[in-house]
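Engineer: Encoded as structure tokens, here's the structure I'll be asking about.
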Amino acid sequence: MGTLRGKAHRGGGSNTLKPLDEEEEHVCLTARSLRELAQRLATNEGVAGLCSGLSSGRRTPSISSNGSSRYAQLRYTKFTINGFPGVKHAVFVNDGLTLSPTLLRKVFKALRRELPSIVLKGTGSLRHPSTLSTPRLRRTKAFQQLMQEVAGKTEEKSRRMQSKPFMQSFTEAHIEPWTSWCNSLRSAGGCSYSPVIQSEEEEEEAQDTAEMVQMVNHALEKKLVSMMAAIATAASQANAWTFSGPRLSGFELLLQQCLDSGMMPETHLFRFVVGHVQDRAYMQSDASASLMKQLWGNSEAMSAMSVESAQAVSLPGDLWNPEKNTTHADFARHGFNHWSFDSYADNSVRGHPVAQWLWPHGNLFLLFYREDALGEVDWDFMTKSELDEKIIPFTPEMLAPLGCVVVGGNERYVKRRMMQAMQMATPLILVDNLHGPSKQVCSFVRIMHRLWDGVPLVTCRPFLTDGALTRLGGSPSREDVVKEMAPSKVLRHVEDEFDGSALHEGEMLTLADVVILLDLVSKRPQAFKETVCLVDPLQPSVLLPKTSRLESVLTCLYASAKEPKDLAIHRSLTLRGWRLHRNLAIKARKLHLLGMLVVAATALMILLTSALAVWMVLVRLETQRHAEVYYNISVPLTPATWICMSFTRTETMRVMHQSLVVLPLSAGLLTTLHSHFQLADKWAKAHMAATQIVSEIYYFLGNVGPYSGATQQHAQKRFTKRLERLVGQLSVAGVHE
């Protein structure tokens, strides 16, 4: 191994190098010093400083985790992509590095970007925006107006075509003779008709002509793009960023349509993208891997000066050019105008640009990488799965509070994300009239909006329980009205508006979900109103009326500041109850195991005592018949080593006499201990208490039983007292917890 003519000195908390005297020995490079040297040589400043320091004898710039090297292990590059507007920025981060909020602030300060007030993340399927309508959606009431509008335009266009002279002559020459001939066949009975039995879905599809479906999809796409432009405008005014990972959703696809159509300027909304350099999907594609290697090769150690002086490298856009990228059949034929897959789980997505690289419309790319021993990217490494999000040590909450935009899609865990957003009172934007679990949740939200539309007692009357009008009185509060709503009636209305039987298992809204949501609204109605926004692309004038509402939703984090505090107390008490349940369950399991062991040992000793008594009788009978008998037992360990043991019948009888005394005494002792410590009774009480705690927790969460009608503060105090009383009863019984 080579040597370095220098010696490390420690001073002031940093490592520096100074020339060695001729008498001093050479210092061999270790793995750590070689890695530090590679990091220092990564910049021109490090090369120049090292060369000048070695030649002139002065100290070179030090490598430290403080001060000027606060961007240690971060690299930066600036780039453009041919065919996509704007200059983009990329920051490379070692995936073993923990990004602290302080480091993130310094990075964005160097990029001259203020941290966002909120981060918007999309949720939805990968279905193309031009094919978002489905037969079930086209049968809903909301789509009837759009269908009539499209049919009216088609009929008007047909009338205009019919009014033209050449169309009249064509009709007289071809259409009318054919019609009259068909009528004559029907009247003569020469035409037989045999019906074809079709399934319900096929029958629904047959009712919609291909031209009508195409026109409806086109109209819906235009309305969705206009609506997404309104969301982008509100997000820009609220200082919001969009967050995209390796997997895209319908949110990014519609934003891409806004950018391509010119409805949203390039600099209108800042788009933040996160991914892993060595993702398996990128490494398996030569074009994608080449783009990553070009970015890394052009990167340098990050600093405020390198951000200012960096020259943008131009990346080829062949990956997104259907004329040059022909590996995917749909993309080579249609480009981004159409594709047949609906999600990343579909095998037909392989080879398409949306699954081969990150979203090219992003402004800032945070790229994590796995390094080798020299601190370089290990190009032989790749992630275990394609488009792996779990390996990325970054969450959007590290930047700012998270807001969710749900754009339909029959994907898994969409319902859970919506429920979590409503429970945590984070901004949630729901796009209505799209296929997926969001359609059912939108129906529920529309019912809840009736609380603020007119008189709640009148608008919500169809969903009240029997006798609720008598109990509520003349002017009840919104909280009381929600408490008197029947979950079964609400769910029936939701299912009437959209049948969710075709959704994935677990994604359809259930009665338990409705109960949870009603309880949430009854406890925090104002937070629900301010954090959940419903936008309907089928409504006219979607831009102006919705922009102010969207802005208020995206800036409403302060409005529910008090209620999440009560929610935190609620959650803390619930977790305390579950911890107590877990401890008692473990205690009951241990008591049950100990009691079973004692009972089994007692039974075994009694059995051995009986067996020994019978055996002694047999031995006495043999003694009367024969003289003294010697027993020899030999066990070979090795060919040359044996274990030999010999004993007489008299010795055997002596041992059996002693065992007949010890075994009954041991059985009696174990029985006494089992009875004294009351193991069975303690196990029963611990098991019963653990079960009662579970019931108590659900009573507390559902605000029913002993907590029915109590305020939140009183319910919390009552829950604490009941748990303490239960623990006290266990202590009296001897079960200490």
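Engineer: Give me the one-decimal nm value for the distance between modelled label points at residue 634 and residue 614, 7 Å along each residue's Cα-to-Cβ direction.
Structural biologist: Taking the two extended label points, one gets 3.3 nm.
Engineer: With every protein chain left in place, what is the accessible area per residue of the stretch 651-737 in square angstrom, probe 1.4 Å?
Structural biologist: 60
Engineer: Report the extension gain between residue 237 and residue 579 in nm, rounded to one decimal, defined as 0.36 nm multiplied by the number of residues separating them, less their alpha carbon distance.
Structural biologist: 118.7 nm
Engineer: Evaluate E = 1/(1 + (r/R0)^6) for residue 97 and residue 717, where r is the Cβ-Cβ distance and R0 equals 41 Å; express this FRET efficiency to the nearest 0.05.
Structural biologist: The computed FRET efficiency comes out at 0.35.
Engineer: Can you pull the one-decimal nm distance between simple spin-label points at residue 449 and residue 526, each 7 Å off the Cα toward Cβ?
Structural biologist: 2.2
Engineer: Can I ask one more? Give the ranking of 324, 523 by solvent-accessible surface, highest area first, calculated with a 1.4 Å probe.
Structural biologist: Ranked list, largest accessible area first: 324, 523.
Engineer: I need the phi-derived Karplus couplings for the stretch 414-420: 6.51 cos²θ - 1.76 cosθ + 1.60, θ = phi - 60°, integer Hz, Gly and Pro marked x.
Structural biologist: Computed from phi, the couplings for the stretch 414-420 are 5, 4, 5, 5, 5, 4, 5 Hz.
Engineer: Follow-up question, since we're still on this one. Among the listed pairs 78/109; 121/489; 222/529; 685/721; 121/390, which are separated by more than 23 Å between their Cα atoms?
Structural biologist: Check vs 23 Å cut-off fails for 121/489; 222/529.
Engineer: Report, to the nearest whole %, how much of the accessible area of the stretch 288-338 belongs to carbon and sulfur atoms, 1.4 Å probe, protein only.
Structural biologist: Of all accessible area on the stretch 288-338, carbon and sulfur atoms account for 47 percent.
Engineer: Calculate, for the stretch 246-380, the solvent-accessible area per residue in square angstrom, rolling a 1.4 angstrom probe over the heavy atoms of the protein chains.
Structural biologist: 41
Engineer: What part of the accessible area of the stretch 421-556, given as a whole %, is carbon or sulfur when the probe is 1.4 angstrom?
Structural biologist: 55
Engineer: Counting only protein heavy atoms, what percent of the accessible surface of the stretch 607-737 is carbon or sulfur at a 1.4 Å probe?
Structural biologist: 64
Engineer: Now for a different question. Before I look further, what does the stretch 581-646 give for accessible area per residue, probe 1.4 Å, in whole square angstrom?
Structural biologist: Each residue of the stretch 581-646 exposes 79 Å² on average to a 1.4 Å probe.
Engineer: Please list 354-360, 79-85, 439-445 highest first by mean number of surrounding beta-carbon atoms within 10 Å per residue.
Structural biologist: Ranking the peptides 354-360, 79-85, 439-445 by packing returns 439-445, 354-360, 79-85.
Engineer: Residues with beta-carbon under 15 Å from that of residue 632, excluding residue 632: net charge, scoring Lys, Arg +1 and Asp, Glu -1?
Structural biologist: Result for the local shell: -1.
Engineer: A further question follows. With θ set to phi - 60° and the Karplus curve 6.51 cos²θ - 1.76 cosθ + 1.60, what are the ³J(HN,Hα) couplings of the stretch 293-302 in order, to the nearest whole Hz, using x for Gly and Pro?
Structural biologist: 5, 5, 5, 5, x, 8, 7, 8, 4, 7
Engineer: With a sphere of radius 10 Å drawn around the Cβ of residue 440, what net charge do the other residues whose Cβ falls strictly inside it have (Lys, Arg +1; Asp, Glu -1)?
Structural biologist: -3
Engineer: How high is the relative contact order of the stretch 571-713, in percent, counting Cα pairs under 8 Å that sit 6 or more residues apart?
Structural biologist: Averaging sequence separation for qualifying contacts and normalising by length gives 42 percent for the stretch 571-713.
Engineer: If you take the beta carbon distance between residue 115 and residue 680 as r and set R0 to 60 Å, what does 1/(1 + (r/R0)^6) give as a FRET efficiency, to the nearest 0.05?
Structural biologist: So, using R0 = 60 Å, E works out to roughly 0.45.
Engineer: Taking the Cβ-Cβ separation of residue 348 and residue 87 as r and a Förster radius of 45 Å, what is the calculated FRET efficiency to the nearest 0.05?
Structural biologist: 0.85
The values are calculated or read from the model by the stated rules, or taken from the named source; none is laboratory data. Because the structure is predicted, anything quoted here is derived from the model rather than measured. So basically every Cβ, Gly included, is an ideal-geometry build from the backbone, and we count neighbours across all protein chains shown. Side chains are part of the model used for accessible areas, which takes the heavy atoms of the whole protein and leaves out ligands, DNA and RNA. Shrake-Rupley method; radii C 1.70, N 1.55, O 1.52, S 1.80 Å.
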